[in-house]
Amino acid sequence: MSTLKLIYRIYKNCKQSSSNFLVVFSKYLYYKANGKNIAAAPNTFIKGLGNISTDGLLKIGIDYVGFTHRKDVTYLNINGRLDIKGNSSIGRGCRLDIGNKAVVQLGNGTFVNPYSKFIIQHKLEIGEDCAISWNCQFLDDDFHELNYEGRKLQTSNAIAIGDRVWIGSNVSVFKGANIPNGCVIASNSVVKEKFEEENVLIAGNPARIIKRNVSWK
């Protein structure tokens, strides 16, 4: 993408989302000078900028979503790594807390809606062209150990989400979860399992497969 096209794209996004273009573009130039390709709304705060890699443009809070407000605060606390593998978007009011040894990867074309939370101490991979709705939660650690009779040990805390996955609003995805390509997660679901089938509708608490051979657009 040419420089002029990129500037116009950022300007258009700012106009639609009531973001101050001059502030956004000034911050873009600052991030660019630090080797990051980021266009962020004014109320975006990033701690650990050096731990972010951007292969494409990361937009933060400048895509229009009707129920957000321009004063919503977005906070990224990146102590580990945040790898952006293409053009991705994070909505206003989101919170990312990535632990010291943790890695979060967002694929090209993935869109995270506002007010979602990512609390990652190990690893989270999200594939390409995914749509994550508002108020979702991703958590890969319990932070406390609970012992009880018959407890099964978790082999891996990592969360893996494939390509073209649609996650509905208010979904919680917990440690060890695997969501394959093309799946749809219904709103308010709680996902804890490693699913293997692609293109299925998953719903409930605990989440289970309720429809197969689904598609979405």
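Couple of notes before you dig in:
- Taking the fewest neighbouring Cβ atoms within 10 Å as the starting point, the ordered list for PHE111, PHE143, PHE67, PHE138 is PHE143, PHE67, PHE111, PHE138.
- Per-residue Cβ neighbour rank within 10 angstrom, fewest leading, TYR148, TYR115: TYR148, TYR115
- For the stretch 3-212, averaging the sequence separation of C-alpha pairs within contact (under 8 Å, six or more residues apart) and dividing by the residue count gives a relative contact order of 11 percent.
- Candidate lysines - alpha carbon under 18 Å from LYS12, same-chain residues fewer than 8 apart omitted: LYS27, LYS59
- Proxy reagent accessibility, fewest Cβ within 10 Å first, across GLU145, GLU198: GLU145, GLU198
- Antiparallel DSSP beta bridges within the chain, percent to nearest 5: 10 percent
- For the cross-link pairs LYS85/LYS152; LYS32/LYS117; LYS117/LYS211; LYS15/LYS192; LYS36/LYS101, the ones whose C-alpha atoms lie over 31 Å apart are LYS85/LYS152; LYS15/LYS192.
- Debye log10 I(q)/I(0) at q = 0.08, 0.13, 0.14 Å⁻¹ for the stretch 3-212, Cα point scatterers: -0.28, -0.71, -0.81
- Between ASP83 and ASN213, residue separation times 0.36 nm minus the direct Cα-Cα distance comes to 43.7 nm.
- Span from the the stretch 174-217 Cα centroid across to the the stretch 72-110 one, whole angstrom: 22 Å
None of the figures in this text is laboratory data; all of them are computed from the coordinates on show. Computed from a predicted structure; not experimentally measured. Cβ coordinates were reconstructed from backbone atoms using ideal geometry, including for glycine residues, and neighbour counts include every protein chain displayed.
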